[in-house]
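The values are calculated or read from the model by the stated rules, or taken from the named source; none is laboratory data. Predicted model only: the values in this text are computed from it and were never measured. Reconstructed Cβ throughout: ideal geometry from the backbone, glycine too, with neighbour counts over all protein chains shown.
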Amino acid sequence: MPGNIPGYDSDLLRGNTDSLLLFLINAHGQTYGYRLIKEIEERSGGFFRFREGTVYPALRKLENDGLIHGEWKKLPNGQERRYYTMTDGGRAFLQKKLDMWESFSSAMALVLKPVER
Amino acid sequence: MSDVSAYLDQVRTHLHLDPLTERRVISELATHFQEKLSDLRSGGLAEEEASREAIASFGQPKTIARLMYEAFGRGSWIDALIGCQPHLVVAALFATHLWRHPLLLSAAFLPITVVTLLAWRRGAANWLYSWTGYALLPLLIVTYFSVEPVARTVSFLVGGSGAPAPFWHLAGLATFFTFTLWLVVSATVRAAKRDWILVSLMLLPLPVLVVWIASVSRTDDFLAALMRGLEARLSQWDEAMAFFCATLAAATALFMRVRRRSLKAGAIMAVGIVGGALAVSSIQGGLGLFGLLAVAACFMLFLVCPFALHAYLEREGRPKEA
């Protein structure tokens, strides 16, 4: 659940959190929660800012749905970190979402272009 | 305790998940905080300021715990199937009238008890709580039927009438009652430390079964009738009981599958209160509207009691089950 950042409707980000997370997990092959949060913020130039704690339940739901796979790994300092990788189902789901988003944004751009009088 | 540890403790308090999952959730969040704090400190923030910033950007602990619960707390279809098994077994015993055969009854309850004991040892999955209620039932039944010698002795001591039970008999009963009480209380407290709705799930079938046992045992010459096998007088409530247990099975499956705690609580409360009152009305016959409402109110109190216990345990600050 993103915080109330002026500039966009937080529901819009909430509805697309899964796609953002899946895209980045797919791009990295293997990554973890904190890195995902940082990267979304950095890539969006600070525009998308999550309530960070909400990313972990979202990751768990993706895992429950079989879209990603989580695995604990021990770090050199003895700490454990949970790494996420894509599943085949996740890749197919992401592709569907990306296609849908592309069609949607193209259609929006077509409708929103200035009207000729 | 640092601010972040205190924050994680607050999240943990509201998680209501099984101990292993809780540990994993908190461990993942703790790793997140360590990295975040390290980044903030590298950015020039002082320790205290970094903690404040990290906590603020994470969100309200109660909200995070609720979202985590919704993400983790939904059982699989297998959990739902396992969770409703004891209800279905008991429903089948009633539907087929086979509950009157001691061997079959033992064959049904022995696996329930063994599975429950093994599951308690392995760590508590949610489905375990619906099994625990039935695992305790044989002890409660034996307790119920063992009260007579005690009552006889009390009557002798107070009124001087009748003959008291032998001392060894009373000592044996006292040991058994103490053991049963200890078992019921420790199972209840252990479940309540995690989540009061699990206690309600555990206790769900007991009030109606107790009413049923009391009614059946009032049947004239109950034991003789039981020994004779098929006795119509004992079977008159079987249909209602089978239906009630089947409804409990459906509610338990729903409990396992829904994500929200409010829906889980709603499912077991609705069936426990409404279904229970209707079952008792069917057993007792002609309760009338006020009687029905009174029974429903009693069941509601009974099922909400665990909430008070959970609140008390939290107030006392007892550590959560490891």
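Values as computed for the structure displayed
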item	result
Selection from region A:47-62 of residues that are of a type in the set (A, V, I, L, M) and within 19 Å of B:Ile55 (Cβ to Cβ)	A:Val55
Matching entry among B:Val90, B:Val154 (being of a type outside the set (Asp, Glu), in a helix (DSSP H, G or I), farther than 25 Å from B:Ala267 by Cα and out of contact with any Phe, Trp or Tyr (no Cβ under 6 Å at 6 or more places or on another chain))	B:Val154
Qualifying residue in region B:40-63 (condition: under 30 Å from B:Ala250 (Cα atoms), of a type outside the set (Lys, Arg) and touching a residue at least 60 places away in the same chain (Cβ under 8 Å))	no
Neighbours by Cβ (under 7 Å, 6+ apart or cross-chain): first from region B:171-185, within 21 Å of B:Ala151 (Cβ to Cβ); second of a type outside the set (A, V, I, L, M)	B:Leu173/B:Ser146; B:Leu173/B:Pro149; B:Phe176/B:Ser146; B:Phe177/B:Thr143; B:Thr180/B:Thr143
Those residues of region A:37-71 which are more than 10 Å from chain B (Cβ to nearest Cβ), surrounded by fewer than 19 Cβ atoms within 10 Å (Cβ to Cβ) and within 26 Å of A:Gly89 (Cβ to Cβ), in sequence order	A:Glu39, A:Arg43, A:Asp65, A:Gly66, A:His69, A:Glu71
Selected residue [out of contact with any Phe, Trp or Tyr (no Cβ under 6 Å at 6 or more places or on another chain) and of a type in the set (A, V, I, L, M)] from B:Val4, B:Val25	B:Val25
Among (1) of a type outside the set (D, E, K, R); (2) surrounded by 14 or more Cβ atoms within 10 Å (Cβ to Cβ); (3) at pLDDT below 90 - the single one A:Phe93 does not satisfy	(3)
Given (1) assigned to a loop (DSSP other than H, G, I, E, B); (2) of a type outside the set (Lys, Arg); (3) touching a Pro at 6+ places or on another chain (Cβ under 6 Å), index of the condition B:Phe109 fails	(1)
Qualifying helices (runs of 4 or more DSSP H) (wholly inside region B:256-322; at least 2 residues being surrounded by fewer than 16 Cβ atoms within 10 Å (Cβ to Cβ))	B:261-270, B:288-315
Condition check for A:Tyr84: at negative phi and in contact with an Asp or Glu (Cβ under 6 Å, 6 or more places away or on another chain)	no
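A quick yes/no check of all residues on (1) closer than 24 Å to B:Ser262 by Cβ; (2) modelled with pLDDT of 90 or more; (3) among the small types (Gly, Ala, Ser); (4) in contact with a Cys (Cβ under 7 Å, 6 or more places away or on another chain):
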| site | (1), (2), (3), (4) |
| --- | --- |
| B:Asp3 | no, no, no, no |
| B:Leu15 | yes, no, no, no |
| B:Ala30 | no, yes, yes, no |
| B:Ser38 | no, yes, yes, no |
| B:Ser42 | no, yes, yes, no |
| B:Glu49 | no, yes, no, no |
| B:Ala54 | no, yes, yes, no |
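Residue-wise test of (1) away from chain A (no Cβ under 14 Å); (2) assigned to a helix (DSSP H, G or I); (3) farther than 30 Å from B:Ala191 by Cβ.
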position: B:Ala6; (1), (2), (3): yes, yes, no
position: B:Val11; (1), (2), (3): no, yes, no
position: B:Arg24; (1), (2), (3): no, yes, no
position: B:Ala30; (1), (2), (3): no, yes, no
position: B:Leu37; (1), (2), (3): no, yes, yes
position: B:Glu49; (1), (2), (3): yes, yes, yes
position: B:Glu53; (1), (2), (3): no, yes, yes
position: B:Thr63; (1), (2), (3): no, yes, no
position: B:Arg66; (1), (2), (3): no, yes, no
